[in-house]
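Comments concern the structure below.
The values are calculated or read from the model by the stated rules, or taken from the named source; none is laboratory data. Because the structure is predicted, anything quoted here is derived from the model rather than measured. Here the Cβ positions follow ideal geometry from the backbone for every residue, glycine too, while neighbour counts run over all protein chains shown. Side chains included, ligands, DNA and RNA excluded: accessible areas come from the protein's heavy atoms. Shrake-Rupley method; radii C 1.70, N 1.55, O 1.52, S 1.80 Å.
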Amino acid sequence: MKKLIMISGTMGAGKTSVCIELQKFLPENVFLDGDWCWKAEPFVVNDETKEMVMKNIAFLLAQFLSCSAYQNVIFCWVMDHQEIIDELVARVEEQTEEPFEVHGFTLTLTPEALKERIGKDI
């Protein structure tokens, strides 16, 4: 059965790095970073743009899960509420015919470690 692996965590927690490492180990995989779906200038957060991004991410995840070339779909994004994950999974399920397993992980850091990591990025 296909797998949707969802990696969440705060900015700077290492989501992208973990996903890149997962790609080395999981067979037949594709990686989607949710930030790529919202790289806009100006960066506008309102009801319209949030809905658009959710639709776009759900569409892309469903397409990857529907493609016979991939068995593992790796996705990362700041999903700070369970409702975001639940909504994305429900939207993907509506768009796919083949069942898939969802495996969710949240990366956590101490406040000190997060401050240090973000300080290195800035």
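In the P(r) worked out for the stretch 62-122, what percent of Cα pairs fall beyond 20 Å? It works out to 43 percent of all Cα pairs.
Restricting attention to the stretch 1-58, which GluC sites (Glu not before Pro) occupy a DSSP loop and are surrounded by at most 12 other Cβ atoms within 10 Å? Show your work: numbers first, answer last.
Numbers: sites: Glu21, Glu28, Glu48, Glu51; in loops: Glu28.
Answer by residue number: Glu28.
Take the residue pairs Lys50/Lys115; Lys15/Lys55; Lys15/Lys115 and return only those whose Cα atoms are more than 24 Å apart.
Checking Cα-Cα distances, Lys50/Lys115 exceed 24 Å.
Placing +1 on the Cβ of every Lys and Arg and -1 on the Cβ of every Asp and Glu, with no other charges, gives the chain a dipole of roughly 460 debye about its Cα centre.
Keeping the other protein chains in place, figure out the carbon and sulfur percent of the accessible area of the chain, with a 1.4 Å probe.
For the chain, the apolar C and S fraction of the accessible surface comes to 56 percent.
Think of the stretch 8-102 as a dipole: +1 on every Lys or Arg Cβ, -1 on every Asp or Glu Cβ, centred on the Cα centre; then among Phe100, Asn56, Gly12, Gly12 lies furthest on the positive end. For the chain, the solvent-accessible area of protein heavy atoms averages 63 Å² per residue (probe radius 1.4 Å; ligands and nucleic acids excluded).
Report, in degrees rounded to the nearest 10, the 0 to 90 angle that the Cα long axis of helix 15-25 makes with the longest principal axis of the chain. Result, in degrees: 50.
For q values of 0.20, 0.29 Å⁻¹, compute log₁₀ I(q)/I(0) with the Debye formula on a Cα-only model of the stretch 26-68, without solvent. Listed by q, the Debye log ratios stand at -0.68, -1.07. Remark: the Lys120-Asp35 segment gains 28.7 nm on full extension, using 0.36 nm per residue and subtracting the alpha carbon distance.
Averaging 1/r over every pair of different alpha carbons in the chain and inverting the result gives a Kirkwood radius of 15.2 Å.
Against the main long axis of the alpha-carbon atoms of the chain, helix 47-66 sits at an angle near 50°.
Of the residues Leu65, Ala113, Met79, the one whose Cα sits farthest towards the positive end of the charge dipole of the stretch 39-122 is Ala113 (charges of +1 on Lys and Arg Cβ, -1 on Asp and Glu Cβ, taken about the Cα centre).
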